[in-house]
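Contents: one structure, followed by commentary.
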Amino acid sequence: MEKRVTFKGWLLPMLLIAPQLIISAVFFFYPAGEAVWQSLFIPDPFGLSMQYVGLGNFEYLFSDPYYRASFLTTAVFSTLVTLVSMVPALFLAVLADRLVKGAGTYRTLLIWPYAVAPAVAGVLWLFMFNTRIGVVAFYLNQLGYDWNHVLNQREAMGLVVVASSWGRISYNFLFYFAALQAVPKSVIEAAAIDGAHFWRRFFTIVLPLLSPTTFFLLVVNIVYAFFETFGVIHTITSGGPQQATTILVYKVYADGFVGQDLGSSAAQSVVLLVVVGILTVLQFKFVEKRVHY
Amino acid sequence: MADNRFEPPPGMVEKRGSALWLTHLLMIVGVLVIFFPIWLAFVASTHTQSEIAQAPMPVLPGSHLIENYTRALFSGVNVPVATMLFNSMVMALGIALGKIAISLLSAFAIVYFRFPGRRFFFWMIFLTLMLPVEVRIVPTYQVVAGFGLLNSYSGLILPLIASATATFLFRQFFLTVPDELAEAARVDGARPMRFFLDILLPMSRTNIAALFVILFIYGWNQYLWPLLITTNPEMNTIVMGLKQMFPSGDDIADWPVIMATSILAMVPPVIVVISMQKLFIRGLVDSEK
C-alpha cells in the first residue's frame with residue numbers, strides 16, 4: 001500500500017529516518033556483523049591476535065556434547081513452556097467466556113502476572129520451592145516427596161518451566177479470550193439446538209475456529225521460551241544442575257561472559273541468528289494466514 | 001467484534017444454575033492459583049526473617065510491613081532499592097519514549113515521502129526484528145564499552161531503542177489516515193513538519209498510548225542487558241538488582257527485604273497495565289499483528 005499524496009524533498013525524510021537508521025547500524029547491524037566475523041577466528045590466550053580458523057569454531061561447537069545437549073534442553077524447555085502456558089490459558093478463557101457477569105473482574109486479576117518481569121517471577125517461584133524455607137517444598141516434604149531442584153535435574157527443569165510459563169498464561173489468556181468473544185454466538189446456538197453438548201461444541205466448533213490464534217500463539221510462545229526466559233533461568237538455576245537447564249541463549253552468555261570463550265560464543269550467536277530468522281519467517285507466515293482467515 | 005448478525009440474548013446456552021456456579025468456582029480457583037506466588041511474596045514482605053525461616057511460613061500478612069519496606073527502600077542489600085527504582089524508571093521511560101519518538105519520525109518519512117533508498121531503509125528496519133539483544137550480546141557489549149557507555153543511562157537505553165514493531169505499527173496507522181488531510185495541508189502551504197505536528201501527531205494519540213504501555217513494560221522488565229553493562233551497583237535496575245541481593249555461598253538470604261523488593265519491582269508495571277487496561281490489550285493485539 002502506498003500513499004497517493006506525498007511531500008516533496010529528500011533531505012527532510014533522510015533526517016527523519018536517520019536516528020533509527022544510525023541506532024540500527026551501530027547497535028544492531030555492526031554487532032551482528034561482528035559476531036559473524038568473530039565466529040571465524042580464535043583469539044590467542046592473551047587476546048593479542050586473532051587466528052583465522054574458517055568454520056573451525058562451528059565444527060568444534062557441534063562436536064561439543066554440551067552444546068548438542070543444550071539444543072535438546074532448549075527443545076524440551078520450549079515445548080513444555082508452550083504447553084504449560086497455553087493449555088491453562090485456554091481453559092481459563094473458555095470459563096471467562098461463559099460468564100456474562102464478572103468476566104472483566106477476573107480478567108483484571110489474571111493480567112497481573114504479565115506485568116511481572118521473568119526475573120522477578122523467577123525469584124517468587126524460587127521462594128516457594130526453596131529447599132530450606134519454601135512453602136511448597138515444605139508441604140511436598142510432608143507428603144513424603146523430597147524436593148530438591150538444586151541437585152535434581154528434572155525438578156530444576158520443572159521449576160524453570162513453571163516459573164517461565166506463569167506470566168505467559170496471562171498473555172495467552174488475553175488472546176484466547178478475545179478470540180472466543182469473536183466466535184459468532186449464532187453458530188454455537190445452532191449446534192446447541194441440534195443437541196450438541198458443551199464439550200462436543202467445544203471440540204468440533206470452537207477449537208477449529210480458534211486454530212489461527214493457536215498457531216500464532218505457538219510461534220510467539222516458542223520465541224518467548226527461546227529468547228526471553230534468560231532472567232528466570234539465571235535467577236533460579238544459573239543453568240544447572242550439570243547444565244540441565246542451560247538453554248541456547250544462556251549458553252551464549254555463559255561461554256561469552258563467564259567463560260570468555262569469544263570465538264565459540266560468536267559462533268553460537270550466529271547459530272541463534274539463523275534460529276531467529278527461521279522463527280521470524282514462520283511468525284510472518286502464520287500472521288498472514290491469520291489475517292486472511 | 002462488531003457485527004450485524006443476529007445475536008440471541010446472552011445466557012441462552014448453559015449459563016444457568018449449577019453450571020454457572022461451577023464456572024465461577026473453577027474461575028476463582030484458577031485466579032487463586034495464578035495469584036498465589038504474588039500473595040506469598042507480599043505476606044513474606046510483612047514478616048521478620050525468623051518468622052519466614054520457620055517452615056511452614058505464615059500465609060497471612062504480619063506486622064512488619066513498614067519496617068521491611070523502609071529497610072529495603074533506604075538501605076537495601078548492596079544499594080538502596082529507591083536508587084534501583086529510579087534507574088529502572090529512567091530506563092523504562094527512556095526506552096518507551098525513545099522508541100516511540102524515533103519510530104514516529106521514521107514511519108512519517110517512509111509513508112509521506114518518496115526518497116532514494118526508501119525501500120532499502122524500510123527493509124533495514126524490518127531486519128532489526130531478527131536481531132534481539134540476546135543474540136548479539138558479546139559484540140553489542142563491546143560496542144557499548146568502546147563508546148565508554150558502561151554504567152550509564154545511555155548505555156542502558158540506546159542499544160534497545162530501535163524498534164521495527166513500533167515503526168510498522170505507526171506506518172500501518174499512517175496509511176489509514178485519509179489522503180485528503182495531507183492534500184489540504186499541502187494546498188494551505190503547510191510544511192511537512194507542521195502537518196506532522198498539528199495533524200498526524202494528535203491523531204496518533206491512542207496508538208501512542210497503547211504502545212507506551214507495552215514498551216514501558218518491555219523496558220522495565222529487561223534483565224540480561226542491565227546485568228551485562230551495570231557493574232556498578234549504583235546503576236543497577238531493580239529487576240536485575242533483585243538477584244544481586246542474594247548472598248553468594250551459604251549465607252542466608254534476607255528474605256523480608258528481598259520479597260519487599262520483588263513487590264516494589266512489580267508495582268510500577270502492574271499499575272501501568274491495570275490503569276490502562278483497555279489500551280494495553282489493544283496495544284498488545286495490535287503490536288503482534
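The values are calculated or read from the model by the stated rules, or taken from the named source; none is laboratory data. Predicted model only: the values in this text are computed from it and were never measured. Please note: Cβ atoms are built from the backbone with ideal geometry, for glycine as well, and neighbour counts cover all protein chains shown.
Looking only at region A:3-23, count every residue that is of a type in the set (Phe, Trp, Tyr) and surrounded by fewer than 19 Cβ atoms within 10 Å (Cβ to Cβ) and tell me the total.
1
Yes/no per residue for (1) assigned by TED's automatic domain parsing to the domain that holds B:TYR69; (2) in a helix (DSSP H, G or I); (3) under 17 Å from A:SER24 (Cα atoms); (4) over 22 Å from the mean Cα position of the chain (by Cα):
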site	(1), (2), (3), (4)
B:MET91	no, yes, no, no
B:ILE95	no, yes, yes, no
B:LYS99	no, yes, yes, no
B:ALA109	no, yes, yes, yes
B:ARG119	no, yes, yes, yes
B:MET124	no, yes, yes, yes
B:LEU129	no, yes, yes, no
B:GLU134	no, yes, yes, no
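If we only count helices (runs of 4 or more DSSP H) wholly inside region A:1-104, which ones have 2 or more residues that are of a type in the set (A, V, I, L, M) and within 12 Å of chain B (Cβ to nearest Cβ)?
Per the criteria, A:11-24, A:30-38, A:65-98.
Here is a yes/no grid of residues against (1) among the basic types (Lys, Arg); (2) part of a helix (DSSP H, G or I); (3) closer than 21 Å to B:LEU284 by Cα:
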residue: B:LEU175; (1), (2), (3): no, yes, yes
residue: B:LEU181; (1), (2), (3): no, yes, no
residue: B:ALA185; (1), (2), (3): no, yes, no
residue: B:GLY189; (1), (2), (3): no, no, no
residue: B:MET193; (1), (2), (3): no, yes, no
residue: B:THR206; (1), (2), (3): no, yes, yes
residue: B:ALA209; (1), (2), (3): no, yes, yes
residue: B:LEU215; (1), (2), (3): no, yes, yes
residue: B:TYR218; (1), (2), (3): no, yes, yes
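State which residue pairs qualify: first residue within 7 Å of chain A (Cβ to nearest Cβ) and touching a residue at least 12 places away in the same chain (Cβ under 8 Å) and inside region B:111-124, second residue surrounded by fewer than 14 Cβ atoms within 10 Å (Cβ to Cβ) and outside any loop (DSSP other than H, G, I, E, B) in any location, beta carbons under 6 Å apart, and separation of 6 or more residues or different chains.
none
With the condition kept exactly as written, say whether any residue in region A:143-153 is within 26 Å of B:PRO256 (Cα to Cα), touching a residue at least 12 places away in the same chain (Cβ under 8 Å), facing chain B (nearest Cβ under 9 Å) and touching a Gly at 6+ places or on another chain (Cβ under 8 Å).
No, the conditions are met nowhere in region A:143-153.
Does any residue of region B:142-163 turn out to be at the interface with chain A (Cβ under 7 Å from one of its Cβ atoms), of a type in the set (Val, Ile, Thr) and outside any helix (DSSP H, G or I)?
yes
Look through A:ALA121, A:ALA96 and report the one residue that is of a type in the set (A, V, I, L, M), surrounded by 22 or more Cβ atoms within 10 Å (Cβ to Cβ) and more than 24 Å from A:THR73 (Cα to Cα).
A:ALA96
Being under 30 Å from A:ALA192 (Cβ atoms), exposed (fewer than 14 other Cβ atoms within 10 Å of the Cβ) and either touching a residue at least 24 places away in the same chain (Cβ under 8 Å) or not small (Gly, Ala, Ser) (or both) narrows it down to one of B:LEU22, B:LEU60, B:LEU26, B:LEU32, so name that one.
Checking each option against the conditions leaves just B:LEU22.
Have a look at A:PHE215, A:PHE203 and point out the one that is at pLDDT 85 or above, closer than 19 Å to A:PHE173 by Cα and surrounded by fewer than 16 Cβ atoms within 10 Å (Cβ to Cβ).
A:PHE203
Across region B:190-204, what is the number of residues that are within 12 Å of chain A (Cβ to nearest Cβ) and surrounded by fewer than 16 Cβ atoms within 10 Å (Cβ to Cβ)?
Total meeting the criteria: 3.
Do you know which of the residues in region B:228-247 that are surrounded by fewer than 24 Cβ atoms within 10 Å (Cβ to Cβ) and part of a helix (DSSP H, G or I) is nearest to the other protein chains (Cβ to nearest Cβ)?
For region B:228-247, the residue satisfying everything is B:LYS243.
Spot the failing condition for B:GLY76; the list is (1) surrounded by fewer than 16 Cβ atoms within 10 Å (Cβ to Cβ); (2) at pLDDT below 85; (3) in a loop (DSSP other than H, G, I, E, B); (4) more than 8 Å from chain A (Cβ to nearest Cβ), and only one is missed.
(1)
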